[in-house]
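Single-structure report; data block below.
The values are calculated or read from the model by the stated rules, or taken from the named source; none is laboratory data. Everything numeric in this text was worked out from a predicted model, so none of it was measured. Positions of Cβ are generated from backbone atoms using ideal geometry, with glycine treated the same way; all protein chains shown enter the neighbour counts.
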Amino acid sequence: MTNEIPFKKIWWEDPLFKSSTAFLAWFVFGLSVLLVFILGKFSLPSIAQFGLHFFSSTEWNPVTENFGALPFIYGTIVSSLIAILIAVPLSLGVALYLSELGPMWIRNPLNFLIELLAAIPSVIYGLWGIFVLVPFVRKYVEPFLSACFGFHPLFQGPMYGIGMLSAGIILSIMIIPTISSISREVFSLVPASLKEGAFAIGATRWEMIRLVMLPYGRSGVLGAVILGLGRALGETMAVTMVIGNRPDIAISLFAPAHTMSSVIANEFSEATTSLYAASLMEIGLALLVLTLALNILARMLVWSFYGKAKGTRA
Amino acid sequence: MKSHLRRRAENKIMTGLMFLFAILTIIPLISIFAFVITKGVTSINLDFFTHLPKPVGEPGGGMANAIVGTLLLVSLACLWAIPVGILAGVYMVEFAGPRIASTIRFTADVLSGIPSIVIGVFAYSLMVLPMRSFSTISGAFALGFMLIPTVLRTTEEMIKLVPQTLREGALALGISRFKTTIHIVLSTTLPGIITGTLLGVARIAGETAPLLFTAFGNRVWSTNLFEPIAALPLQIFVYAISPFEDWQRQAWAGALVLIMMVFVLSVVSRSATKRKYSFS
Amino acid sequence: MENDTIETEMTAEQTMTPSLEETRKVKMFTEDLKAYFGTFRALHGIDMRIFSNRATAIIGPSGCGKSTFIRCLNRMHEFVPGARTEGKVFLDEKDLFKKDIDLIEIRRSIGMVFQRPNPFPTLSIYDNVCAGLKLSGIKNKSFLNQAVEESLLKAALWEEVKDKLNHSGMSLSGGQQQRLCIARALAVKPEVILFDEPCSALDPISTGKVEELIHSLKENYTIVIVTHNMQQAARISDYTGYFYLGTLVEFGATKKIFTNPDKQETEDYITGRFG
C-alpha cells in the first residue's frame with residue numbers, strides 16, 4: 001500500500017520554529033543583560049567623578065554639580081523598614097488566618113480582597129495617600145505617636161503628615177499582598193503529619209502554629225518578607241506623592257524625606273547636565289543592584305523551602 | 001507548666017488578634033474603593049471622556065487623549081511582548097535543556113523584581129536618547145518589557161501541565177513540531193495563558209513610573225508613535241499633585257476610570273479559566 | 001476456556017515452523033538495537049523481525065523494555081529528554097536511524113496508539129480524525145470528509161459518532177476514545193501500526209471491541225502490540241516476542257511460544273511462575 005495522500009512538505013517549518021523561539025528566549029535574556037550594561041555605562045561619569053564618596057555624601061546640589069546619594073539611600077531604607085515593620089505582622093496574621101485559623105467560608109472572599117489590594121495601581125495609592133492617608137496621619141497618627149513616644153527624637157518635630165511615616169505606611173499596605181500570599185502558600189505546605197503530631201500531644205491551635213508551622217516555614221516566610229522588601233525599595237509613584245521629596249536626612253519620621261526611586265522620578269527629566277543625569281543613573285544602578293540581590297536571596301530561600309517541603313512529603 | 005485555662009485563653013486571644021490583623025488589612029482597601037468611587041463618580045462627566053485637558057488653571061476639560069493614549073500604549077506593549085513571552089516560554093519547555101531553561105526562568109523572575117522606574121530609565125537611554133524625542137513606542141517598549149516575565153512564566157507553567165502523551169499523539173501522526181505546538185499544545189492551554197497574560201496586562205495598564213521619561217505625557221491630541229503621548233496614570237499623577245481643585249477632582253475621575261479598566265481586565269481574565277478541559 | 005478459544009481460532013500460520021517463517025515478507029526488522037535513558041541502558045541489542053500483515057505481540061514483565069522497544073520503531077523514544085538509541089531499525093529497505101531520514105514521513109508510515117486514549121481535547125471528533133491530514137497541509141474538504149468517514153468505518157466507530165462529528169472528542173467513553181485514536185492513526189494511511197498496551201485503561205467490553213478491531217486490521221496493516229496481558233497476546237497475535245530485562249529472550253509463532261517455548265524463562269513467565 002503506497003501513500004497516495006498529497007501531503008505538503010515544508011522542510012524548514014520545524015527548524016525555523018525552533019530557532020525563532022530560541023532567538024526570542026535569548027532576546028529576553030539579552031535585553032536584561034543590556035539593561036544592566038546600559039545603566040552601568042550611563043553612570044560612568046558619576047562613578048568616575050565621585051567614586052565611593054557618592055554613597056556617603058549628603059550633598060545633592062545640581063547648581064554646583066556636587067552629588068551624593070546618602071539622603072536617598074537613607075530614605076529608601078528607612079521607609080522600607082517602616083513598611084516591613086508594619087506589614088510583616090499584618091501579613092503573617094492574614095496568612096495564618098487564611099490558612100489555619102479562619103472559618104472556611106471567610107477564606108476565599110478574604111483572599112480575593114487581599115488580591116484586589118495587589119491589583120490597585122501605584123498612582124491610585126498615591127492619590128489616596130495625598131488626600132486621605134496624609135491628613136489622617138497628620139491629625140491622628142502623628143499626635144498619638146508624639147504623645148506616647150515623644151521622648152524619642154524619631155517622634156519629635158512638626159507634624160506635616162507628608163513625610164517618611166506616611167511613605168512607610170503606604171508601602172506597607174502595598175507589600176502586604178506579596179508577603180501574605182507567599183506566606184500562605186508556605187503554610188499550606190507544612191505537612192499535615194507534623195500538624196497532627198502537635199495536636200496529638202494536646203497542643204492548642206495557636207501552640208501548633210507557634211511550635212510547628214512558624215519554625216517549619218521559617219525560610220519560606222523569610223523569603224516572602226525579603227521579596228516584599230524588594231518591592232518596597234523599588235516602589236516609586238505612591239512614595240513620591242506622599243514623602244515630601246526633600247533631600248535631607250532628618251531623624252524625625254514626621255519630616256519630609258526622599259528615596260532613590262522618587263528622586264529619579266522627580267528630577268530625571270530636568271537633569272540638564274550630563275553629570276546630573278549620570279548621578280541619577282547611578283542611583284538607578286544602585287537600586288537595581290540592591291533589588292537584584294534581594295530578589296535572588298529571596299528566591300533562593302523560597303526555593304530551598306519548597307525543596308524541603310517536597311522532601312518531607314515524599 | 002501553664003494551666004489549661006490559660007492556654008485556651010491564649011489560643012482565643014491569638015485567634016482574635018489574627019482576625020483583627022486581617023480586618024486591619026482590609027480597611028485601606030475599603031477606604032481606597034470608597035474614595036475612588038464616591039469622589040470619582042461625583043467628578044466624572046461626559047466632558048471627561050470627550051474633551052482634551054484645558055490650559056493650566058482653567059477649569060473644565062477632560063482626559064480623552066489620556067484614555068486613548070493608555071489604550072494605545074498598552075495595545076502596542078501587548079503587540080510585542082505577548083508573542084515574545086509566549087514563544088520564549090515555548091522554547092523553555094519544548095526545546096531547551098534543563099540548564100538553559102532555568103537560566104531563562106531565572107532571568108524572568110529577576111526581571112519581574114526590577115523596579116519599574118529602572119525600566120523607565122532603561123527605555124529612556126535605549127530609545128528616547130538615540131531618537132531625541134519622548135515617544136509612544138518607547139513607552140510601549142517599557143510597558144512590554146515589564147509584561148514579558150508574566151507572560152513567559154505563565155506560558156511555561158501552563159505548557160508544563162500539558163500531558164506528554166498529547167504531544168506524542170500528535171507527533172505520531174506525522175504532524176510537525178511547529179503545528180503540534182501551535183494547534184495541540186498551545187490551543188489546549190490557551191485559557192490559562194490568557195488568564196495570566198490579562199492579569200499582567202492589568203498591571204502594566206496602571207503603571208506610571210516607566211512612562212515618566214518615555215511616553216512623557218502630552219496635553220494635546222496625539223497618536224503619533226514618535227511623539228510624546230498622554231497616558232491615564234501619568235495624567236492622574238500630574239493632576240493629583242497639582243494645586244488646582246478642579247484638576248484634583250479630575251484626578252479622582254481618572255482614578256475611577258483606571259481602576260475600572262484594571263478590574264474589568266482582572267475579571268475577564270478570571271472568566272477565561274472557567275473553560276476547563278479535562279486531560280485523561 | 002481460554003485455551004479452547006486459542007485452539008479453535010488457531011490458524012495455519014501459528015503452527016508454522018521457524019524455517020517457513022523465513023519465507024514470509026519481513027516488514028520491519030531491528031539489528032542490535034540498543035536504547036538508553038541517560039546512562040541507563042533499557043535495551044541490550046535487540047534483533048527482531050516483524051512480518052508483513054501479521055500481528056506481533058510483545059510480552060514481558062513491566063520494566064522489561066517492551067514499550068521502549070516499540071517506541072524505537074517510530075523514533076518516539078528519543079523524544080524523551082536524555083534518551084538515545086544505537087543499532088538499526090529498518091522499514092522495508094529504509095534505515096530509520098539514518099541521518100537524513102524524514103521523521104515526519106516515518107511517523108506517517110508507522111502509526112501509534114497509546115496506553116491511555118489521548119484524543120486532542122480542544123478538537124472535535126471530526127478534527128481529531130483528520131488532524132494528521134489537516135495539520136499537514138491538506139485542505140480539500142471532500143477529501144477530508146471521505147478520509148474521516150473511511151477511517152471511522154475502519155475503526156468501527158462510524159455508526160456511534162456519525163451524528164455528532166462536531167462534538168468534542170472528550171465527550172466519548174474511554175473505549176470510544178481509544179477507537180477514535182485508532183481512526184486518527186488510520187487516517188494518514190500508515191503501513192505499520194504500533195499499539196502500546198492499548199487496552200490497559202479500558203473495561204472488558206471495550207477491550208473486546210478494540211481486540212476485534214486489531215484482528216480485522218491485520219488484513220491491511222502490519223501490527224505490533226505491546227501487552228502485559230498474556231491471554232490478549234494469545235488471542236490476537238500471530239507472533240510473540242518475550243522480553244526480559246531489556247533482552248529479547250524468545251521470539252516465534254504465538255502458538256509455539258504459548259505451548260512449547262524453547263526457553264525455560266519463557267515457560268516460567270507464560271505459566272505464571274514468575275512476575
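At a glance:
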read-out: The lone exception for C:Ile138 - which of (1) within 14 Å of chain A (Cβ to nearest Cβ); (2) within 25 Å of C:Val224 (Cα to Cα) it fails; value: (2)
read-out: Residue in segment C:160-174 that is closer than 30 Å to C:Met230 by Cβ, within 13 Å of another protein chain (Cβ to nearest Cβ) and touching a Ser or Thr at 6+ places or on another chain (Cβ under 8 Å) present; value: yes
read-out: Residue in segment B:206-216 that is nearest to the other protein chains (Cβ to nearest Cβ), counting only those that are crowded, with 23+ Cβ neighbours inside 10 Å and of a type outside the set (Ser, Thr, Tyr); value: B:Gly206
read-out: Residue among A:Gly126, A:Gly157 that alone is touching a residue at least 12 places away in the same chain (Cβ under 8 Å), on the phi > 0 side of the Ramachandran plot and more than 15 Å from the chain's Cα centre (by Cα); value: A:Gly157
read-out: Residue selected from segment C:123-162 under the condition of a type in the set (Asp, Glu) and closer than 20 Å to C:Ile205 by Cβ, by the criterion surrounded by the most Cβ atoms within 10 Å (Cβ to Cβ); value: C:Glu160
read-out: Condition broken by A:Ser180, with the remaining ones in (1) of a type in the set (Gly, Ala, Ser); (2) more than 19 Å from the chain's Cα centre (by Cα); (3) under 23 Å from A:Tyr306 (Cβ atoms); (4) surrounded by 18 or more Cβ atoms within 10 Å (Cβ to Cβ) satisfied; value: (2)
read-out: Subset of segment C:163-184 [surrounded by fewer than 21 Cβ atoms within 10 Å (Cβ to Cβ), assigned to a loop (DSSP other than H, G, I, E, B) and touching a residue at least 12 places away in the same chain (Cβ under 8 Å)]; value: C:Lys164, C:Leu165, C:Asn166, C:His167, C:Ser173
read-out: Residue match in segment B:154-174 (condition: away from chain A (no Cβ under 11 Å), surrounded by fewer than 24 Cβ atoms within 10 Å (Cβ to Cβ) and under 17 Å from the mean Cα position of the chain (by Cα)); value: yes
read-out: Criterion (part of a helix (DSSP H, G or I), at pLDDT below 95 and at the interface with another protein chain (Cβ under 7 Å from one of its Cβ atoms)) met by exactly one of B:Thr195, B:Thr188; value: B:Thr188
read-out: Filtered residue count, segment A:1-33, keeping only those that are within 29 Å of B:Leu147 (Cβ to Cβ), of a type outside the set (Gly, Ala, Ser) and surrounded by 13 or more Cβ atoms within 10 Å (Cβ to Cβ); value: 12
read-out: Among residues of segment B:212-235, those that are in a helix (DSSP H, G or I) and either within 17 Å of the chain's Cα centre (by Cα) or farther than 30 Å from A:Leu113 by Cβ (or both), counted; value: 3
read-out: Qualifying strands (runs of 3 or more DSSP E) (wholly inside segment C:24-125; at least 2 residues being more than 29 Å from C:Gln176 (Cα to Cα)); value: C:26-37, C:40-51, C:83-91
read-out: Unmet criterion (only one of (1) farther than 30 Å from A:Leu116 by Cβ; (2) aliphatic (A, V, I, L, M); (3) modelled with pLDDT of 95 or more) for A:Ile175; value: (1)
